[in-house]
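Engineer: Below you'll find the structure I mean.
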Amino acid sequence: MYRIKVRESFSSAHNLRGYKGKCEDLHGHNWKVEVDIEDYDLDKIGMVIDFKIIKSKLRKILEKLDHKYLNKIPYFKKINPTSENIAKYIYDQMKEQRINPASVTVWESDTSLATYSE
């Protein structure tokens, strides 16, 4: 099995509805995102997929989140913009872009992360 990863980042603000504590108030993060792609086979030139293809598609997704108040994005109007839900959102958006990630990991800080996979 081959596994490749790309990492990107974005900055945004959010607050968690129904949460009791600091995170219920508006605050921001410099999020890091990692997308893992797995495959048993390589293409004819020896790649799982070109890194620039994955990065390009991921950047397009993150542009929708960068410097935004996540709670106002339609996907997060009813779903809390937690790290877990952001990871799933990016995973689903990657699939819509015809990239099948093994997982998507989102860091909200250097010590806290969430991963989504199917």
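Every number here is computed from the coordinates shown, using simple stated rules; none is lab data. In this text the structure is predicted, and so the values were computed from the model without any measurement. A quick note on method: Cβ atoms are made from the backbone with ideal geometry, for glycine too, and the neighbour counts reach across all protein chains shown.
Engineer: Using the count of nearby Cβ atoms within 10 Å as a rough guide to exposure, how do His14, His29 rank from fewest to most?
Structural biologist: His29, His14
Engineer: What is the angle, in °, between the Cα long axis of helix 83-96 and the longest principal axis of the Cα atoms in the chain? Nearest 10 is fine, range 0 to 90.
Structural biologist: 40 degrees
Engineer: Filter the chymotrypsin sites (Phe, Trp or Tyr not before Pro) in segment 6-39 to those in DSSP coil with at most 15 other Cβ atoms within 10 Å of their Cβ, and list the result.
Structural biologist: Tyr19
Engineer: Which trypsin sites (Lys or Arg not before Pro) in segment 24-60 pass both tests, a DSSP loop state and at most 11 other beta-carbon atoms within 10 Å?
Structural biologist: Answer in residue order: Lys44.
Engineer: Further, regarding this structure: How big is D for segment 13-81, in µm² s⁻¹ as a whole number, if Stokes-Einstein is applied with the Kirkwood radius of its Cα pairs at 25 °C and 0.890 mPa s?
Structural biologist: For these conditions, the coefficient is 167 µm²/s.
Engineer: Helix 51-63: angle to the longest alpha-carbon principal axis of the chain, degrees 0 to 90, nearest 10?
Structural biologist: The two axes meet at around 20 degrees.
Engineer: I've got another one for you. Fewest Cβ neighbours within 10 Å first, please rank Tyr40, Tyr2 accordingly.
Structural biologist: Tyr40, Tyr2
Engineer: Translational D (Stokes-Einstein, µm²/s) of segment 2-116 at 20 °C and 1.002 mPa s when Rh comes from the Kirkwood sum over C-alpha pairs?
Structural biologist: Answer from the Stokes-Einstein relation: 145 µm²/s.
Engineer: Still on this structure, please answer the following. So how long is each side of segment 76-115 along the principal axes, counting just the alpha-carbon atoms, biggest first, in Å?
Structural biologist: Per principal axis, max minus min of the Cα coordinates gives 30, 25, 9 Å.
Engineer: Among Asp43, Asp66, which comes first, then next, by fewest other beta-carbon atoms within 10 Å?
Structural biologist: Least to most surrounded, the residues fall as Asp43, Asp66.
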